[in-house]
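Since the structure comes first, as structure tokens, the remarks are kept for the end.
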Number of protein chains: 2
Amino acid sequence: MDQTEPAKAARKRRKMQRVTMTDVAKHADVSPSTVSLYLRKPEAVSERIGQRVEHAIAELGYVPNYVAGGLAAAGSRVVSVIVPSLRNAFFSDTVTELEKLLAESRLQTLVGHTEYSATQEEALVRAALSWAPAAVVLTGTAHTQATRDLLRRNGTPVVEMWELTDDPIDQAVGFSHEDVGRRIARHFIGKGYESAAFLGARMGDDKRAADRARGFEAEMRAYGVPVQVVEDHAPASTGSAARLLDNLDSPVRAVACSNDTVALGVLFEAQRRGIAVPGELAIAGFGDLEFSAQSVPPLTTVRPSASEIAARVADCIRARDPLTATSGAGEGPRVFDTGFTFVPRESG
Amino acid sequence: MDQTEPAKAARKRRKMQRVTMTDVAKHADVSPSTVSLYLRKPEAVSERIGQRVEHAIAELGYVPNYVAGGLAAAGSRVVSVIVPSLRNAFFSDTVTELEKLLAESRLQTLVGHTEYSATQEEALVRAALSWAPAAVVLTGTAHTQATRDLLRRNGTPVVEMWELTDDPIDQAVGFSHEDVGRRIARHFIGKGYESAAFLGARMGDDKRAADRARGFEAEMRAYGVPVQVVEDHAPASTGSAARLLDNLDSPVRAVACSNDTVALGVLFEAQRRGIAVPGELAIAGFGDLEFSAQSVPPLTTVRPSASEIAARVADCIRARDPLTATSGAGEGPRVFDTGFTFVPRESG
DNA sequence: TTGTAGGCGTTATCAA
DNA sequence: TTGATAACGCCTACAA
């Protein structure tokens, strides 16, 4: 009783307050369908009536009900974006950018984060699909089989980002993380460093970091440079650096880090231990986060072009969106390689 | 023609593929309402039937349609969270935390970011309300009048966070930023620094940063310490530090920064210019971001307890949620002060 | 505990 | 260009 009463009241209150399209129609002395049409295609309605509707909307403070709209249209204008973590600047940047781009196509962004768990991702995808989204954007290409099945069966447009794959669920936009690792290795090799290590964080979950480590290790080995890979279970942070360095089997001349945050930590730790950078220890990061160009010395890193990824993802979505697609809205490109930029700076 | 054909096809395809509750009901040989009931209150259905339904759902790969559900129930289980920026660690942390907490109450989070524009916020609120959200969470207390009206009229539960106010739209959770500024000032005063400055970023838009600056300045003046306030239009970043320092009328003994990111930039810049920290220049930040404890020297800062804010906000929402509320679901506390912690470290 | 009926606010189809 | 009408898939009284 205590529970149902307020609930009922709340519902009734909300319903009573809501101004519906019918109210607007009455006020403007037109039919509801005309109002609906005006809202969706203003140019299909005569100017006179359009203004009357406009006026009524303002007068009544009408707020459209997308829920009802989505039901009737069998699909909402929501795009569900699922990332490993919002705390990670790469992803929050991508999301920010994506949201802006999609808004231009009147698409709304629903963000979810998996904390690097494929199971959690599956749950989020399930929830996302319940909203009949215009598209689903996933990070990476490692998903549970159920996730893939769910998405494929459903037929919703899907974009996997930040990574490449031979077998996308639908479309993919990203670059090769192994190549990133190799590129850094080649830089170190060119500098003539005689030993190196990759300092990784959470690589069991973060497949992309693991890929970078693999590429780095392989290339180093190929050139006969002794190389170690050290790993930390905690998420990448400046604080992990000290631990990571302590876990090295033997001191090394150069380190490639999971990302710039870890690299910054290594820089601090070197400062603390009195190790000269890059004189005694060369450091490279990944991500080109804002501080990387500012630190002393500035960090050598790799710029993944989050904004280009976002732009391409938005393209992919729009290509599948009936309301936005310009041409035949056909099957756009399946996989897009955005590449990356190596940014050499003083730290390594 | 080129446009409508694919659109129509897509819609049909989607509809045809969709497994509805009726399908599940048929498969389980029960009525649709039983399925619905089971989904919402599993314990209200007999075990035998529950299992049959469960089985049918798995068999058919049924995905509930929240759009239809939301329409019928006159309200969705979406919480719209609107923050100034996701790039800012405070907010991405709060959002992350909030999302986790709300998920426990089967509430989904819809994130929007305003880029510090009240007009953009108004647009987002309008869009949010179109989804008949369970609640709307706003950052700060500075909104357009239209935003306030819209929200008040609509009757949706609202929580304003990260700031306190005498006149909340509905509920508010946060702390006094003026007090933060004063607290830092008192610390500097205690140390006996004879001059100081506040290095602010984007204070025209970021009212909270402006509040901290005001508190800092007032307290300094009250104690007769010469104080400057310098401002930068660009968003807070490590890169803004150099500019900010250059805009000082005269060198100062201590600086309070807009946040830790700027403080880190000042630290780097000092290092670059050969200024001893804290010997010649004391630095304080705001936010207690992860790197602040790791830098050399570690940064004096203020910890705002993003997670407590998130927890309180979640409480406020649940208190207004019929499905979650335990007691009379009445009007909970209106304004909650979460306070903050001053964290003295070596930099200042 | 389970089933029946009516409606939620909008869109899309068609006819006027 | 405008309007009537039938879904859209589910929820919620209420009845059984």
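Tabulated data
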quantity	calculated
Residue list for the range B:37-77, restricted to those being within 10 Å of DNA strand D (Cβ to nearest atom) and either away from chain A (no Cβ under 14 Å) or hydrophobic (A, V, I, L, M, F, W, C) (or both)	B:L37, B:Y38, B:L39, B:V63, B:V67, B:A68, B:L71, B:A72, B:A73, B:A74
Every pair of residues 6+ apart whose Cβ atoms lie under 7 Å, when the first sits in the range A:28-41 and is closer than 17 Å to A:G61 by Cβ and outside the structural domain of A:H55 (by TED's automatic domain parsing) while the second is within 7 Å of DNA strand C (Cβ to nearest atom) and β-branched (V, I, T)	none
Close pairs (8 angstrom Cβ cut-off, 6 or more residues apart or separate chains): within 19 Å of A:G75 (Cα to Cα) in the range A:95-119, outside any strand (DSSP E or B) and among the small types (G, A, S) anywhere	A:L102/A:A314; A:S105/A:A314; A:L107/A:A134; A:Q108/B:A127; A:T109/A:A103; A:L110/A:A128
Pairs, first charged (D, E, K, R) in the range B:236-253, second in a loop (DSSP other than H, G, I, E, B) and surrounded by 19 or more Cβ atoms within 10 Å (Cβ to Cβ), C-beta under 6 Å, six or more apart	B:R253/B:Y193
Count of residues meeting criterion [under 25 Å from A:S307 (Cβ atoms) and away from chain B (no Cβ under 14 Å)] in the range A:144-171	10
Filter result for B:R153 (part of a helix (DSSP H, G or I) and either modelled with pLDDT of 90 or more or on the phi > 0 side of the Ramachandran plot (or both))	no
Matching residues, the range A:174-208, being charged (D, E, K, R) and either touching a residue at least 60 places away in the same chain (Cβ under 8 Å) or assigned to a helix (DSSP H, G or I) (or both)	A:E178, A:D179, A:R182, A:R183, A:R186, A:K191, A:R202, A:D205, A:D206, A:K207, A:R208
Subset of the range A:245-261 that is surrounded by fewer than 24 Cβ atoms within 10 Å (Cβ to Cβ) and not β-branched (V, I, T) - its residue that is nearest to A:L299 (Cα to Cα)	A:R253
Complete set of residues in the range A:268-301 that are crowded, with 24+ Cβ neighbours inside 10 Å and within 17 Å of A:Y193 (Cβ to Cβ)	A:I283, A:A284, A:G285, A:L299, A:T300, A:T301
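The values are calculated or read from the model by the stated rules, or taken from the named source; none is laboratory data. Source: prediction; values computed, not measured. Glycine gets a Cβ as well: all are built from the backbone with ideal geometry, and neighbour counts include every protein chain shown.
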